[in-house]
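Each remark here refers to the structure printed beneath this line.
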Amino acid sequence: MKNLQEIARYEGGISSIPGKKHVIKLSSNESPFGPSKSVIRALSSTLAKTNRYPDGNCLELRKAISKKFKINTDNIFCGNGSDEILGLVCQLFLNKGDEVIIPEHSFLMFEIYARINNGKVQFASTKNLKFQVDAILNKINQKTKIIFIAQPNNPTGLYLSKKDLNLLVSKVPKKIKIVIDTAYAEYMTDYDYSNGIDLAKKNKNLIVTRTFSKIYGLASLRLGWCYAHKDIIKLMDKIRGPFNVNHSAQIAGIAAINDKAYEQKMIKHNKFWLNKMHGELRKLPVEPVNSRANFILIKVGKNANKLIKYLMTNSIIVRKMTKYKLDQYIRVSVGKAEENKKFIEAIRKFYL
Ligand SMILES: Cc1ncc(COP(=O)(O)O)c(C=O)c1O
C-alpha cells in the first residue's frame, strides 16, 4: 500500500452553519445562480434514462466543445470535473522520484495529486503573490516532469500576462508537461490574459484544463475537459474509467456551452460585482488583492479568524486560507447582488 499518511485530504469550502437555516455561501467560487433554463430543460430529459450507461467517449459533448472553440475533437478529453484530469495527468507522467513544480499559494489539488502519484513537489516562490517565470524556471532539473500553472490562480485571482506565459512555455524543455488550469477562463476579460489554447496548439507539451463547474453553474454534476496533443488524449483515454462522465453531465454540458446569452449575463454580473466589491473593500482597513476571476482574496491581518466567525454569525461563509499558507487572508466569491451587499455591510460593521 502507498504511504498516504503525509498527504492532507482536500477540504472544500463549508456549506452550512449549525443553527442557521439560510446561509450565504461565498466560500467555493461557485456560480451563485443555478444553471441556465436551457440546461435545466436538457437535464430533465436525461432523468428517465439513468438505466443506460453513458457514452464513454463523450462524442456529442466533444463535438460541441470542438465547434465552440474551433479545435479538433481528437484534442479534447472530458473528465469528471477538471479535477479528474489533473489526477490523470499525474498518474500518466509521474514515476517515483519525479518532480513537479507548483508556484506557492496555488490550487491545493496540484500538490495532492502529485504526491499521491509519488511525485516530489518543488514550490516556486512568488513575489507579492504573483507567479515569477524565473522562479519556476530555476526549479527545473532532470527530474522535473510536470509544471502546474493556474491561470488565473486560485486563491489569488492573479495570472501570468500573455507575454510571461509565452516566455515560460518557450523556456521550458519540451519533455516537461505544462498544465495550464483555466477553471476561471470565462470570467477573464483583461486584454493581456491568455487562456493557453492557442499556445497549446503550437506546443505539444501543454495541457489546458477547463471546467463547467464555475460560470455554467454545474459544479455538482462534475464536468471538465482539456485540450492537449492527440497523443496525450489517447493516453488519458487508456487510463480513465470506462464511463467517467455521466450522461446528465454530457447533455447539460452541451446545452451550457450553446447558451451564449446566459454566459454573457454571468460575465456581466461578475464584472460589475467584482469591481464594486473591490471598490467597497478599498475603503476599509483591509488589502484586497487585485483578483480577476469570480472571487477576491483579501489580506485582513491577524484577526482573519475573528472576522470569519463574525461573518458566520451573520450567516455568511467565506473561505479560510490557512491551508494555502495565507493565514492573514480570507477569500470571498462573488455572489448574487443581495449576497454581495450583505457581505459588504457585514465586513464594514466589523471594522466600525
Ligand atoms: C484552479 C482550479 N482548478 C480546478 C478546480 C476544480 O474544478 P472542477 O470542479 O472542474 O473539478 C478548481 C475549483 O475550485 C480550481 O479553483
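The values are calculated or read from the model by the stated rules, or taken from the named source; none is laboratory data. Model, not experiment: these values are computed from the prediction. Positions of Cβ are generated from backbone atoms using ideal geometry, with glycine treated the same way; all protein chains shown enter the neighbour counts.
What the table below lists for this structure:
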| read-out | value |
| --- | --- |
| Hits in the stretch 194-216 (condition: surrounded by fewer than 21 Cβ atoms within 10 Å (Cβ to Cβ) and closer than 19 Å to Phe110 by Cα) | Asn205 |
| Some residue of the stretch 151-171 being in a strand (DSSP E or B) and within 15 Å of the chain's Cα centre (by Cα) | no |
| Filter result (under 18 Å from the mean Cα position of the chain (by Cα) and over 22 Å from Ile344 (Cβ atoms)) within the stretch 252-281 | Gly253, Ala256, Ile257, Glu263 |
| Filter result for the condition that a residue is among the hydroxyl-bearing types (Ser, Thr, Tyr), under 22 Å from Arg331 (Cβ atoms) and touching a His at 6+ places or on another chain (Cβ under 8 Å), over Thr182, Thr189, Thr156 | Thr156 |
| Condition check for Ile76: in the same structural domain as Cys226 (by TED's automatic domain parsing), more than 16 Å from the ligand (Cβ to nearest atom), more than 17 Å from Leu221 (Cα to Cα) and not acidic (Asp, Glu) | no |
| Tally, over the stretch 154-195, of residues that are within 19 Å of His278 (Cα to Cα) and within 16 Å of the ligand (Cβ to nearest atom) | 9 |
| Tyr191 among the aromatic types (Phe, Trp, Tyr) and surrounded by 16 or more Cβ atoms within 10 Å (Cβ to Cβ) | no |
| Helices (runs of 4 or more DSSP H) (entirely within the stretch 239-352) containing at least 2 residues that are of a type outside the set (Val, Ile, Thr) and surrounded by fewer than 16 Cβ atoms within 10 Å (Cβ to Cβ) | 260-282, 304-313, 337-350 |
| Single residue of the stretch 116-136 satisfying the filter (among the charged types (D, E, K, R) and out of contact with any helix residue (DSSP H, G or I) (no Cβ under 9 Å at 6 or more places or on another chain)) that is nearest to the ligand (Cβ to nearest atom) | Lys130 |
| Check on Leu284, within 26 Å of Lys21 (Cα to Cα) and over 24 Å from the mean Cα position of the chain (by Cα) | no |
| Tabulated pairs, the stretch 96-112, first in contact (Cβ under 8 Å) with a residue 60 or more places away in the chain and aromatic (Phe, Trp, Tyr), second within 12 Å of the ligand (Cβ to nearest atom) and in a loop (DSSP other than H, G, I, E, B), C-beta under 6 angstrom, 6+ apart or interchain | Phe107/Asn154 |
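Table: residues versus (1) at pLDDT below 95; (2) in the same structural domain as Thr322 (by TED's automatic domain parsing); (3) of a type outside the set (A, V, I, L, M, F, W, C); (4) at positive phi.
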position: Arg41; (1), (2), (3), (4): no, no, yes, no
position: Thr46; (1), (2), (3), (4): no, no, yes, no
position: Gly81; (1), (2), (3), (4): no, no, yes, yes
position: Leu88; (1), (2), (3), (4): no, no, no, no
position: Met109; (1), (2), (3), (4): no, no, no, no
position: Arg115; (1), (2), (3), (4): no, no, yes, no
position: Lys120; (1), (2), (3), (4): no, no, yes, no
position: Leu129; (1), (2), (3), (4): no, no, no, yes
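Rundown of residues vs (1) within 22 Å of Gly157 (Cα to Cα); (2) under 13 Å from the mean Cα position of the chain (by Cα); (3) away from the ligand (no atom under 12 Å from the Cβ), yes/no style:
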{"site": "Ile197", "(1), (2), (3)": "yes, no, yes"}
{"site": "Thr209", "(1), (2), (3)": "yes, yes, no"}
{"site": "Trp225", "(1), (2), (3)": "yes, yes, no"}
{"site": "Ile233", "(1), (2), (3)": "no, no, yes"}
{"site": "Val245", "(1), (2), (3)": "no, no, no"}
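Yes/no per residue for (1) outside the structural domain of Asp55 (by TED's automatic domain parsing); (2) among the basic types (Lys, Arg):
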site: Leu218; (1), (2): no, no
site: Lys230; (1), (2): no, yes
site: Lys265; (1), (2): yes, yes
site: Lys271; (1), (2): yes, yes
site: Val286; (1), (2): yes, no
site: Asn294; (1), (2): yes, no
site: Leu307; (1), (2): yes, no
